[in-house]
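Please read the structure below before turning to the comments.
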Amino acid sequence: MHSNLIGRLRGAVGDAGLILDAPGQATYLTDWPRKWSGTTPVVVRPASTDEVAAVMRICHETRTPVVPQGGNTGMTGAGIPDKQGGQIVLSLNRMNRILDVDVVSNTMTVEAGVILQQVQQAAADADRFFPLSLGAEGSCTIGGNLATNAGGIAVLRYGNTRDLTLGVEVVLPDGRVWDGLRALRKDNSGYDLRDLFIGSEGTLGIITRAVVKLFPAQHGRATAWVGVPSHGDAVQLLSMMQSICGERIIAFEMMSEFGLSVILRHVADTQRPLGDVHPYYVLVEIADAQRETPPVLLEEALAKALESGLAHDAVIAVNDRQRQAMWKIREGVSQAQLREGNPLKHDIALPIAQIAPFIDAADALVAAHFPQLPVLNFGHIGDGNLHYNVLLPHDLCDDERERLTREVNLKIHDLAIAYRGSISAEHGVGLLRRDELRRYKSAVETDLMLAIKRALDPDQLMNPGKVL
Ligand code: FAD
Ligand code: 2HG
Ligand code: ZN
């Protein structure tokens, strides 16, 4: 570490912007699933773009590596420094202001450290809707959502974070500021630099501000929990409901009975929504600007589903309390898995038509090679995104855990690629998938990614060791 680094950083952000003591740093140094931990000489918390730029100039001059961090809810270890102790953590959590809500342009301008739930609330307060929604929304930041191109439960209708973003401001590794904070829906004036930074997991620059899109408020909502005979029926149900409800389907989530049973076991105040047990369940939500439309469409679609045998039972939430209870089950899944075992997460993207054949083949693979391991399968099937997670027991020795992790990942990911899928749909690469990426990206694609990294971060200061 450079001798006067801390003193210079103090000059840039003041005492309020530095965390030097171990207890204060602790929450920045271990990730949410408690899989990775690291050390750092200092957590730096700038309060403005100018302060971020000053910090980056110092880090550039002193060749100090930087790990950006938002809410530290990421699933791939990408926001955690290594164990060597030479990387600083740059937290955006003091840059938490909503700068502008424009209901004519339908845009909101925010600092990167604003918590996602506050963005949603500010939109609602202006009678608008910001659709990005995920289990971590009370803690994750919009900067982290941008850096991971987060997906969540409304991608089916509104797209992922990339699709929800018009402009970004970025501080580059040498401290220069790129002002791409444009609120334009059309801009073909050259290469799309914005899209380089979205999804780059802190490896190319620090996102400091963003302009996001707002949508008309959805005053009408109807939500149902549906028991279906199989995962294939769940996929058919999506297609059938789209014919009736069109683009009003805002979320279409699937979960296996095993997934539900794990959640009921570990998440307080959750109840089985239907009396009987079914192999799979779908949580479907319809939304519209008109209050009256969604319940009518949902009832019509579900009646048809029950009649045709695509669904065996269904319950529609009659009030917001029941709706929240359904979503509480869905959003409890990550926490419940950690309590049940050690989840090997497989965040698979597939063409939607390949979901059922993939699950059949993956179930057969696991049954043949790892019959002792339960599969907890759920996901955003409206987006072709499965969380095909395999649970390891808590009490395995390190060697056995590493062997099983390697072997299970290889089988599931090879299969996903054989179905022309992806091994990371929405969580990113970080540390979790970095080494596997080499197996699945072509030499051409890897070369292009490395060329971009070298062009933007020639000194390898931004989040070293992550993604590439
Ligand atoms: P962090 O975890 O702090 O950082 C994530 C990455 O972004 C790191 O690489 C970090 O270096 C980088 N980064 C953070 N801020 C910046 C910045 N301003 N500039 C540059 N780089 C930055 N994800 C989904 O896609 N869909 C889901 O449904 C979903 N559900 C989740 C549910 C739970 C319970 C949890 C814990 C996580 C879930 N996630 C989901 C993971 C998701 O990626 C994160 O929740 C979120 O997008 C990360 O935001 P964060 O602010 O916590 O980022
Ligand atoms: C979700 O969809 C998240 O809830 C987390 O992407 C998935 O815990 C997981 O594997
Ligand atoms: Zn997910």
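Does segment 397-409 contain at least one residue that is open to solvent by 10 Å² or more (accessible area, probe 1.4 Å) and within 16 Å of ligand 2 (Cβ to nearest atom)? Yes, segment 397-409 contains a residue that is open to solvent by 10 Å² or more (accessible area, probe 1.4 Å) and within 16 Å of ligand 2 (Cβ to nearest atom). If only residues of segment 78-106 that are touching an Asp or Glu at 6+ places or on another chain (Cβ under 8 Å) and buried (at least 20 other Cβ atoms within 10 Å of the Cβ) are counted, the one that is farthest from THR161 (Cα to Cα) is ILE80. If the condition is being acidic (Asp, Glu) and surrounded by 15 or more Cβ atoms within 10 Å (Cβ to Cβ), then segment 416-468 contributes GLU426, GLU436, ASP457.
Taken over segment 107-119, the residue count meeting the criterion of being within 15 Å of ligand 1 (Cβ to nearest atom) and either more than 30 Å from GLN335 (Cβ to Cβ) or surrounded by fewer than 17 Cβ atoms within 10 Å (Cβ to Cβ) (or both) is 2. In the set (1) at pLDDT below 95; (2) acidic (Asp, Glu); (3) touching a Pro at 6+ places or on another chain (Cβ under 6 Å), ASP457 fails one condition alone, (1). The conditions of being in contact with a helix residue (DSSP H, G or I) (Cβ under 7 Å, 6 or more places away or on another chain), under 26 Å from GLY77 (Cβ atoms), more than 16 Å from ligand 2 (Cβ to nearest atom) and not β-branched (Val, Ile, Thr) are not met by LEU116. Can you tell me which residue within segment 123-132, out of those that are open to solvent by less than 20 Å² (accessible area, probe 1.4 Å) and farther than 22 Å from GLY205 by Cβ, is farthest from ligand 3 (Cβ to nearest atom)? Within segment 123-132, the match that is farthest from ligand 3 (Cβ to nearest atom) is ALA123.
Cβ-Cβ contacts under 6 Å between residues 6 or more apart (or on different chains), taken from a first residue in segment 30-52 that is on the phi < 0 side of the Ramachandran plot to a second residue that is in a loop (DSSP other than H, G, I, E, B) and modelled with pLDDT under 95, are listed as PRO41/MET1.
Restricting the first member to segment 321-350 and to residues that are under 30 Å from LEU404 (Cα atoms) and near ligand 1 (Cβ under 10 Å from one of its atoms), and the second to residues that are open to solvent by 10 Å² or more (accessible area, probe 1.4 Å) and charged (D, E, K, R), the beta-carbon pairs closer than 8 Å and six or more apart or on different chains are LEU338/ARG34; ASP347/GLU426.
In segment 60-77, the residues that are away from ligand 3 (no atom under 16 Å from the Cβ) and open to solvent by 10 Å² or more (accessible area, probe 1.4 Å) reach residues that are part of a loop (DSSP other than H, G, I, E, B) and at pLDDT below 95 with C-beta atoms within less than 6 angstrom, at least six apart or across chains, in these pairs: THR62/HIS2. Checked against the criterion of being of a type outside the set (Lys, Arg), in contact (Cβ under 8 Å) with a residue 12 or more places away in the chain, within 15 Å of ligand 1 (Cβ to nearest atom) and more than 25 Å from ASN72 (Cα to Cα), the candidates LEU146, LEU172, LEU156, LEU134 yield just one match: LEU156. Name the single residue that is nearest to ARG221 (Cα to Cα) among those in segment 262-312 being in a helix (DSSP H, G or I) and open to solvent by less than 30 Å² (accessible area, probe 1.4 Å). My answer is PRO294. Give me the residue from segment 146-182 that is in contact with a Lys or Arg (Cβ under 6 Å, 6 or more places away or on another chain) and on the phi > 0 side of the Ramachandran plot and, out of that set, farthest from ligand 2 (Cβ to nearest atom). If we take residues in segment 146-182 being in contact with a Lys or Arg (Cβ under 6 Å, 6 or more places away or on another chain) and on the phi > 0 side of the Ramachandran plot, then GLY175 is farthest from ligand 2 (Cβ to nearest atom). Which members of segment 25-51 meet the condition of being in a helix (DSSP H, G or I), of a type in the set (S, T, N, Q) and touching a helix residue (DSSP H, G or I) at 6+ places or on another chain (Cβ under 9 Å)? Result: no residue meets the conditions. Scanning segment 134-159 for residues that are within 11 Å of ligand 3 (Cβ to nearest atom) and either among the hydroxyl-bearing types (Ser, Thr, Tyr) or open to solvent by 40 Å² or more (accessible area, probe 1.4 Å) (or both) yields one hit, GLY135. Evaluation of VAL177 against the conditions (1) within 24 Å of SER105 (Cβ to Cβ); (2) hydrophobic (A, V, I, L, M, F, W, C); (3) away from ligand 3 (no atom under 16 Å from the Cβ); (4) open to solvent by less than 50 Å² (accessible area, probe 1.4 Å) shows that the sole unmet condition is (4).
If you go through segment 181-199 one residue at a time, do you hit one that is touching a residue at least 60 places away in the same chain (Cβ under 8 Å), within 16 Å of ligand 3 (Cβ to nearest atom) and surrounded by fewer than 23 Cβ atoms within 10 Å (Cβ to Cβ)? Yes.
The values are calculated or read from the model by the stated rules, or taken from the named source; none is laboratory data. Predicted, not measured: the structure shown is a model, and the values here were computed from it. Don't worry about glycine lacking a Cβ; one is built from the backbone with ideal geometry, like all the others, and counts go over all protein chains shown. Surface accessibility is based on the protein's heavy atoms, side chains included, excluding ligands, DNA and RNA. Shrake-Rupley method; radii C 1.70, N 1.55, O 1.52, S 1.80 Å.
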